[in-house]
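Here is the structure we will look at.
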Amino acid sequence: MHAWWGGLSALNRGFFCAAVFFGVLSVWQLLATLMGLDSDDVMDGDVTVDDVAGGDAAETMGAFKLLSIRSVIAFFTLFSWGGALYLADGRSVRAAIGLGGLWGVAGMAVVALLLYALPKLAHTGTLDIATAVGTVGSVYIDIPEGGEGEIRTEVGGVMSHVKARASDGQAIKAGTAVVVERVVFGNRVEVRAVEGARG
């Protein structure tokens, strides 16, 4: 093992180190997702009510940002392994980087496609937002004074992101626990901060 490692170029060692790092990160990410330990802001796979009922372009871009974290990790995992293995196989640096890049782009595209398609396959019909009334959730995007933000709460048994405004018109910061009081405008809700929890 020592002789093999000593025979590698500095670039190839760098590729292998990056491959191991991103490989471990990918496995951890997969296990965290399967066990439900993925964080809301980085690896959230929740469905939004607007995704099912018809969201706007800004929300679609928001979903793309969430997907891009996983996709970028997939890119660097396959790029690093591809580059390392092609260099170890005697390919030129240019060929190794080029072929590794192709593997990375392919992996990135496949992950993005899967994460885009799987929620749509798993959730059919329209979520009944009325089932969220009375549930306790948390503010995901700040609710400004007199304005609208977004909360994360359970809708029809599915953790979802829902557009929300404060019932008293006051600002509520992200992370604050809230109770859903009623549905407004079809797919929006009014909430109030849990007593003593307003940010």
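What distance in nm separates the simple spin-label points at residue 195 and residue 109, each placed 7 Å from Cα in the Cβ direction?
The modelled label-to-label distance comes out at 5.7 nm.
Residue separation times 0.36 nm, minus the C-alpha to C-alpha distance between residue 136 and residue 158: what's the value?
Full extension from residue 136 to residue 158 adds 6.6 nm.
Sort segment 129-193 into rounded, prolate or oblate with this rule: let a ≥ b ≥ c be the square roots of the eigenvalues of the Cα gyration tensor; rounded if a/c is under 1.5, and if a/c is not under 1.5, prolate when a/b is larger than b/c, oblate otherwise.
Prolate shape, in that a/c is at least 1.5 and a/b is the bigger ratio.
State the extension gain, in nm to one decimal, for the chain segment bounded by residue 5 and residue 181, taking 0.36 nm per residue of separation less the distance between their alpha-carbons.
The residue 5-residue 181 span can extend by a further 57.1 nm.
Sorted by mean Cβ packing within 10 Å, highest first, what order do the peptides 74-85, 169-180 take?
Packing proxy ranking, top to bottom: 74-85, 169-180.
Tell me the label-point distance for the pair residue 89, residue 69, using the 7 Å Cα-to-Cβ offset, in nm and rounded to one decimal.
Those two pseudo-labels are separated by 3.4 nm.
Values quoted throughout were computed directly from the atomic coordinates according to the rules given, and no laboratory measurement underlies them. Keep in mind it's a predicted model, so treat the numbers as computed, not measured. Glycine gets a Cβ as well: all are built from the backbone with ideal geometry, and neighbour counts include every protein chain shown.
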